[in-house]
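**Student:** Here's a structure for you.
What follows draws every value from the coordinates through simple rules; no lab data is involved. Please read these numbers as outputs of a predicted model, since none were measured by experiment. Positions of Cβ are backbone-derived with ideal geometry, glycine not excepted, and every protein chain shown enters the neighbour counts.
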């Protein structure tokens, strides 16, 4: 009986991963063809960016249970790092974008001691981090950060290259979180999320595991910011460190289901498209209707779309990552 069960599990795992990687392949082909087909690059770029942001947020919130309200700090830091290097230092975007990811990781390392905090205390401290960075960028000399007026990349903006760069980061984020679900680190993070003291008693290095998740999450969020600057060509402290970016990231990730690979992807795709449709049909009522839909979704599906589906239909767990 046990051998049959293990064989069934192995078969289900193969089917699950085949479906998932097949979906990633379709995503790459579809998004990769958008610039060639002269499609709506702005909409699809935004969709890729939010999927990546929700996925990176899922690494720290879904796998470890931490809720960083100041998650936008990494995004904003990546935005400014790329913009300063390209427009002021005159560095190639191909160097500036990886540097933006590195900047996010360094900021995450600088504030890593806050991981000792928990619950609302960590959330508030992370929010203060975003506010501090916003003030620094706004008050810094204009010849470095552009001051309150921000920066403009001008001729350095190449939308198609920024679009494909976002696609690469999206695939990298999905591949990373897929690896995380099967790795020892991912299992350790889940154990820490469920009971940190029990995980510590089992020999899991709680602080180090949380740090790894924190750094991975910061890396992809800051890369998103850097590529966003390259794609749009303009930024300022208010938009780069807008708390609404954190709010959208949290909502998109939770709508699909934290702690799963597909949850943030499904939640983001659905809500971004719903937002787009509502904006086209009811531009005046856009915020009200979107807020109503999100409230109903959280009220009736507190575990998110994928989480609720797996809870209601347990057999789906064998096919959904």
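**Student:** Taking R0 as 35 Å, what's the FRET efficiency between residue 41 and residue 184 from their Cβ-Cβ distance, rounded to 0.05?
**Tutor:** E(calc), rounded to 0.05, equals 0.35.
**Student:** Now, a different point. Using a Förster radius of 22 Å, what is the FRET efficiency between residue 30 and residue 276 based on their Cβ-Cβ separation? Nearest 0.05, please.
**Tutor:** E(calc), rounded to 0.05, equals 0.85.
**Student:** Plugging the Kirkwood radius over Cα pairs into Stokes-Einstein for the range 18-154, at a temperature of 37 °C and a viscosity of 0.692 mPa s, what D comes out in µm²/s?
**Tutor:** 192 µm²/s
**Student:** Ok, one more. Kindly express, to the nearest 10 degrees and within the range 0 to 90, the angle between helix 184-194's C-alpha long axis and the longest C-alpha principal axis of the chain.
**Tutor:** 80 degrees
**Student:** Give me the number: length gained by fully extending residue 247 to residue 21, i.e. 0.36 nm times residue separation minus the C-alpha to C-alpha distance, one decimal in nm.
**Tutor:** This chain segment gains 78.5 nm when fully extended.
**Student:** When the C-alpha atoms of the range 148-208 are aligned to their principal axes, what extent does each axis show, in angstrom, from largest down?
**Tutor:** Computed over the range 148-208, the largest-to-smallest principal extents equal 56, 31, 15 Å.
**Student:** Next question, about the same structure. At R0 = 45 Å, how high is the FRET efficiency between residue 92 and residue 287 if r is their beta carbon distance? Nearest 0.05 is fine. Can you show the working numbers first?
**Tutor:** Working: r = 39 Å, r/R0 = 0.88.
Result of the calculation: an efficiency of 0.70.
**Student:** How many nm is it between the label spots at residue 238 and residue 312, if each spot is 7 Å from the Cα in line with the beta carbon?
**Tutor:** In this crude label model, residue 238 to residue 312 measures out at 4.2 nm.
**Student:** Based on the mean of other Cβ atoms within 10 Å per residue, sort peptides 73-83, 193-203, 130-140 so the most packed one is first.
**Tutor:** 73-83, 130-140, 193-203
**Student:** If the range 2-318 were replaced by its equivalent ellipsoid, with semi-axes equal to the square roots of 5 times the Cα gyration tensor eigenvalues, what would those be, largest first, whole Å? If you can, show how the numbers build up before the last one.
**Tutor:** Details: eigenvalues 201, 116, 77 Å².
Each semi-axis is the square root of five times an eigenvalue, giving 32, 24, 20 Å.
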